[in-house]
Amino acid sequence: MIVVMSAVLSVPPADPARAATHFATRLSFEADVSDVHTDLEADVAGLVVVDSRSHEAWRQGHLPGAVHLPTTEIAARASALLPADAVVVTYCWGPGCNGATRAALEFARLGFQVKEMIGGYEYWVREGLPVRTADGLIVRPVDDLTAPAAGTACAC
């Protein structure tokens with residue numbers, strides 16, 4: 001008999017109660033692109049989406065309705081720009097960038113409730129969601145590796 005070692009099971013999974021705590025905790029820190037889009041479209045009160053990228057990146061394109069506040073300016077300007085009771089959602093370039101995490105940390109240090117938008121600007125664009133530029137709103141084709149080609153929500 002051949003014994004096959006499992007890479008997945010080389011560390012046993014957590015018990016269900018610990019797993020539930022872990023995943024609930026992650027969701028308290030993160031929001032995905034689709035959920036942020038849904039809430040922006042619904043004009044959810046008290047939610048402020050913050051683009052923490054550079055001025056050059058902002059001009060290249062940003063989420064409609066986002067506030068531009070580069071990470072280096074958060075400590076000095078956030079309290080004057082945002083309501084103290086706002087729930088802030090930060091984003092930066094994408095999964096390969098921890099700028100949104102750095103921005104979220106700055107907001108948390110200032111006492112704001114905050115979540116990070118996982119996927120960032122990259123996945124917003126790849127999911128075919130609108131981007132504001134100097135020329136107005138643009139929408140790029142959906143990347144079918146990140147969202148259904150029809151452009152509808154994945155319903156996950």
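FYI, it's all coordinate maths here, none of it is from the lab. Quick caveat: nothing in here was measured; it's all calculated off a predicted structure. Ideal geometry is used to build each Cβ from the backbone, glycine not excepted, and the neighbour counts take in all protein chains shown.
Can you work out the FRET efficiency for the pair L27 and L105, with r the C-beta to C-beta distance and R0 = 22 Å, to the nearest 0.05?
According to the calculation, E is roughly 0.75.
Given 0.36 nm per residue, what is the gain on full extension from W93 to R140 after removing their alpha carbon distance, in nm?
15.3 nm
In terms of modelled amide H atoms, which long-range or inter-chain residues lie less than 5 Å from the amide H of E116?
Under 5 Å from the amide H of E116: E30, A31, T90.
Based on other C-beta atoms within 10 Å, arrange S28, S34, S6, S54 from fewest to most.
Taking fewest neighbouring Cβ atoms as first place, the list is S6, S28, S54, S34.
Taking neighbour Cβ counts within 10 Å as the exposure measure, how do F112, F23 sort from fewest upward?
Fewest-to-most ranking of F112, F23: F23, F112.
Please check: in the Gaussian network model of the chain (C-alpha springs, under 10 Å), which one of T21, T101, T72 has the largest mean-square fluctuation.
Greatest mean-square fluctuation among the candidates belongs to T21.
Using the alpha-carbon atoms, what tilt in degrees (0 to 90, nearest 10) does helix 99-109 show relative to the longest principal axis of the chain?
Around 80 degrees separate the two axes.
Is it possible to state the helix-based mean residue ellipticity at 222 nm for the chain, with each DSSP H run of 4+ residues giving -39500 (n - 2.57), the sum divided by total residues, to the nearest 500 deg cm²/dmol? What is it?
Calculated mean residue ellipticity at 222 nm is -11000 deg cm²/dmol.
As an exercise, use a Förster radius of 30 Å and the Cβ-Cβ distance of R18 and V44 to find the FRET efficiency, rounded to the nearest 0.05.
Once rounded, the FRET efficiency stands at 0.45.
Pick from V44, V114, V142: which residue has the top mean-square fluctuation in a GNM of the chain where Cα pairs under 10 Å get a spring?
Largest GNM mean-square fluctuation: V44.
For each of D35, D143, count neighbouring Cβ atoms within 10 Å of the residue's Cβ, then give the residues from fewest to most.
By the 10 Å Cβ count, ascending: D143, D35.
Roughly how tilted is helix 16-29, in degrees to the nearest 10 and between 0 and 90, from the longest Cα axis of the chain?
Its long axis makes an angle of about 20 degrees.
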